[in-house]
Amino acid sequence: MSEEQARQLMQQLQMLEAYSAELAQREDALVGMLRNATAASDSLRTLKERDSDALVPIGMGAYMPARISSDAKVVLDIGAGVAVEKDIASAASYLEARIKEIDVAIRDNAAKRQEAAARLEDGKGQLGQMMQKPGKDHV
């Protein structure tokens, strides 16, 4: 392999490393979203069963006690600055659907990460072989 091919391979490896790091960050974000969605879903399940006392954040670390009835409405942010009001059961169903979507996204991301890691290892192996073999132009 020529020096130019080695340089190209190094560039590909750098791009793969950057892509792999991006996938790791995306996975962290998805896992955070999953935790939030699961916590919200668990909370709604509890609220469906009975009235509950809660602390409502009002900003700057201050909270106000509130009573939430089991027939209360839930305001859901559905994206793009749009929020909708739903009953607790509908909101819980919406969150369960989102949890499933996030699970799928996490699995897809993990598969891409695994593929990138395999390609990275292959590339490193090729580079290692190139370093061990003397080139045709090295006499």
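For segment 67-110, which positions are acidic (Asp, Glu) and in contact with a strand residue (DSSP E or B) (Cβ under 7 Å, 6 or more places away or on another chain)?
ASP77, GLU85, ASP87
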- Message: Being assigned to a helix (DSSP H, G or I) and surrounded by 15 or more Cβ atoms within 10 Å (Cβ to Cβ) narrows it down to one residue among ARG107, ARG98; which is it?
- Response: ARG98
- Check whether at least one residue in segment 66-79 is under 23 Å from the mean Cα position of the chain (by Cα) and either among the small types (Gly, Ala, Ser) or closer than 30 Å to GLY128 by Cβ (or both), and report yes or no. yes
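I'd like to verify a number: residues in segment 19-33 that are among the hydrophobic types (A, V, I, L, M, F, W, C), within 12 Å of the chain's Cα centre (by Cα) and surrounded by fewer than 17 Cβ atoms within 10 Å (Cβ to Cβ), how many?
First pass over segment 19-33, keeping only residues among the hydrophobic types (A, V, I, L, M, F, W, C): 21, 23-24, 29-31, 33.
The next check asks that each one be within 12 Å of the chain's Cα centre (by Cα); those that pass are 23-24, 29-31, 33.
Those left that are additionally surrounded by fewer than 17 Cβ atoms within 10 Å (Cβ to Cβ): 24, 29, 31, 33.
Matching residues across segment 19-33 total 4.
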- Item | From the options ALA111, ALA92, ALA97, ALA80, residue that is under 30 Å from GLN11 (Cβ atoms) and of a type in the set (A, V, I, L, M) | ALA111
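Quick one: would you say ASP53 is farther than 29 Å from ALA24 by Cα and part of a strand (DSSP E or B)?
On the way: farther than 29 Å from ALA24 by Cα: yes; part of a strand (DSSP E or B): yes.
Spelling it out, ASP53 is indeed farther than 29 Å from ALA24 by Cα and part of a strand (DSSP E or B).
Only the coordinates and a few stated rules stand behind these numbers; no lab work does. Everything numeric in this text was worked out from a predicted model, so none of it was measured. With ideal geometry, Cβ positions are generated from the backbone for all residues, glycine too; neighbour counts draw on all protein chains shown.
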